[in-house]
Amino acid sequence: MAIPLMALVFLFSYMPLFGWIYAFFDYKAGIPLFENEFVGFKFFELIFTDKADMIRVMKNTLIFAFIGLALSPLPMIFAIMMNEIRFKRFKMFVQTATTLPNFVSWIIVFSLTFMIFSTEGLLNQILFSLGLVSNPTNILTNGEAVYWFQTVLGIWKGLGWSAIVYVASISSIDQEMYEAAVIDGAGRFKSALHITLPGLMPTYIVLLILGIGNFLNVGLEQYLVYKNALTADNIEVLDLYVYRLGISNHDYSYGVAVGILKSVVSIILLVIANIITKKVRGSSIF
Amino acid sequence: MFDIVNYAFFALLIILCLYPFWYMLVYSISEPSLAAKGITLFPRGFTLFNYKKVMELEGIYNAFFISVMRTVTGTALSVFLNALLGYLFSRTEMPGRKFLYRMLLVTMYVSGGLIPYYLVIKNYGLLNNFFVYIIPGAIAAFNVILIKTFIESLPDSLQESAMLDGAGYFTIFSKIIMPLCLPIIATIAVFSAVGNWNSWFDNYIFVSSDNLRTLQLTLYEYLNEAQTLARLLQESGNIEDYKRTMEKSLTPRGVQITVTMITTIPILLVYPYMQRFFIKGIMVGAIKG
């Protein structure tokens, strides 16, 4: 009985791995794979000669990845601040409101930003009526604002949701520690800094390490939705580039080669992360 | 002092998170001519004109139907298959259990990448096929683990006594396991339904047929059309020209916003109900996100 179900898993999760072989042929759609010319590592060599695009795309990917890394403590800080709200109902409401954006698609988020930031959007209406601008501004078609604007959008959508795991682990911190701290004369800020924060660090570290394998997966759907002729140069990350090569340009073999390189780098990062955890914690995650 | 700053910060955050949704609602029910003059907090006039206009859009009913269909069938299928597989993996007497389970776990960490996946779907003849929405993602390793772990936490005696009474595996699965697993199944079902409703990327790359277009992608196409128009006019630089053309375009602003509203409503409806599942959902979400 498990066999037909596992066959489904095989068909959709394992068969694509065999698809890596496409990178070694000069594949043209419509011709059976093995009738195409075998080219060995030609497409992998092409990655290193396709400098203009590859450097730009890698730069974008790494910028987004490092911004993500730098901001990774945000959900934890958010949860600690939320924990300081004493009024229970308000706390619940904060959680409800800030988590909502996580459950709408990037298309809806795009539509909402379009509604507010586009040329005839709310922001321009307000700026116009205040006499602050004479020409409409439109951040959605501003190539230079891409990095920070997309980061802000990512935070808007994901912060509340990613904080929940920390909210859950705060509730498992021993309450007696807080009581002891009060007796020792610690204020709320000191308690948060010396009890809550250290209590959450293990969770943070584990999530950070688990995330390392996904370091280069910086969010295909988001950037695809916000990509247009004016933002393309800065928003095109590795995944989008692979998408453009393979699906838009039908340059399948090269697209697969770039994809393989990305996977290999991800696996190496994951292995390194695992070695580090083994050293630090004495047990590996995988 | 700290309290004031903290409360003010969170109040601001709530506004930032909810205001766009509120603005969308208010805009969609305002008189279009008044709305064009600017809306901030409250509706100007009240009309369902925009909603009527949306109903007249070509293909909108079909898109809604496709979205509902994929959500219902996709959720049902994935709940059933994940639960069944979770149950099978909980039976220690299953031959090759360890090997198959490992094989499933690997899929959480390794993927072939976008292009090989596309080619595989293409080779299976799933391009422009409704099944591409529901079959490829039906089995998710993480959901299987959740269910398996849940079943293993149930007392063995229940299954043993049923077996002594002559019940087969499938009877045990449907009569005993499924009802007992309801809490975890509900969690998976809700998250799967929201995921299905929000999903558009599979539509975007695998399906070009108009008949199979989902609501999400329909909305995206209206927005793209508006954006292209906006860019062309922005380059010409005349704002009055721009406004006039936007009014004449197929999907004026009010209609776009109303389509967004309709696409968002189902989420807003299930959202309060979902919160009970948040903590369990993190585990599901951590993998899918």
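Just so it is clear, none of the values below were taken in a lab; they were calculated from the coordinates. Everything numeric here is computed off the predicted structure, so don't read it as measured data. Cβ: placed from backbone, ideal geometry, glycine included. Neighbour counts: every protein chain shown.
A few points about this structure:
- Extreme residue, nearest to the chain's Cα centre (by Cα), among residues of region B:30-39 that are surrounded by 12 or more Cβ atoms within 10 Å (Cβ to Cβ) and within 10 Å of chain A (Cβ to nearest Cβ): B:Ile39
- Cβ separations smaller than 6 Å between residues 6+ apart or across chains give the following pairs from region A:124-151 residues that are free of Cβ contacts under 8 Å to residues at least 60 places away in the same chain to residues that are in a loop (DSSP other than H, G, I, E, B) and aliphatic (A, V, I, L, M): A:Leu127/A:Val133.
- Number of the exception - B:Gly166 against (1) surrounded by fewer than 16 Cβ atoms within 10 Å (Cβ to Cβ); (2) in contact with a Ser or Thr (Cβ under 9 Å, 6 or more places away or on another chain); (3) on the phi > 0 side of the Ramachandran plot: (2)
- Given (1) crowded, with 17+ Cβ neighbours inside 10 Å; (2) more than 10 Å from chain B (Cβ to nearest Cβ); (3) without any contact (Cβ under 8 Å) to a residue 60 or more places away in the chain; (4) farther than 30 Å from A:Asn60 by Cα, number of the condition A:Thr96 does not satisfy: (2)
- Taking the listed residues B:Phe130, B:Phe89, B:Phe46, the one that is more than 15 Å from A:Leu8 (Cα to Cα), buried (at least 18 other Cβ atoms within 10 Å of the Cβ) and not acidic (Asp, Glu) is B:Phe89, with no other qualifying.
- Criterion violated by A:Ala229 - all others in (1) closer than 30 Å to A:Leu140 by Cα; (2) within 11 Å of chain B (Cβ to nearest Cβ); (3) aliphatic (A, V, I, L, M); (4) surrounded by 16 or more Cβ atoms within 10 Å (Cβ to Cβ) satisfied: (4)
- Test: residue in region A:156-169 that is assigned to a helix (DSSP H, G or I), within 9 Å of chain B (Cβ to nearest Cβ), out of contact with any Gly (no Cβ under 8 Å at 6 or more places or on another chain) and free of Cβ contacts under 8 Å to residues at least 40 places away in the same chain: yes
- Looking only at region B:191-207, and only at residues there that are of a type in the set (A, V, I, L, M) and at the interface with chain A (Cβ under 10 Å from one of its Cβ atoms), the one that is farthest from the chain's Cα centre (by Cα): B:Ile205
- Whether a residue is polar (S, T, N, Q) and assigned to a loop (DSSP other than H, G, I, E, B) was assessed, and A:Thr119 passes this test.
- Here B:Lys122, B:Lys175 are screened, and the one residue that is within 9 Å of chain A (Cβ to nearest Cβ) and more than 30 Å from A:Pro101 (Cα to Cα) is B:Lys122.
- Residue match in region A:118-139 (condition: more than 8 Å from chain B (Cβ to nearest Cβ) and under 30 Å from A:Ile209 (Cβ atoms)): no
- Check on B:Phe21, of a type in the set (Phe, Trp, Tyr), surrounded by fewer than 16 Cβ atoms within 10 Å (Cβ to Cβ) and closer than 29 Å to B:Ile188 by Cα: no
- Test: residue in region A:199-213 that is surrounded by 15 or more Cβ atoms within 10 Å (Cβ to Cβ), in a loop (DSSP other than H, G, I, E, B) and within 11 Å of chain B (Cβ to nearest Cβ): yes
- Which numbered condition A:Glu84 misses (of (1) within 18 Å of the chain's Cα centre (by Cα); (2) charged (D, E, K, R); (3) at the interface with chain B (Cβ under 7 Å from one of its Cβ atoms)): (1)
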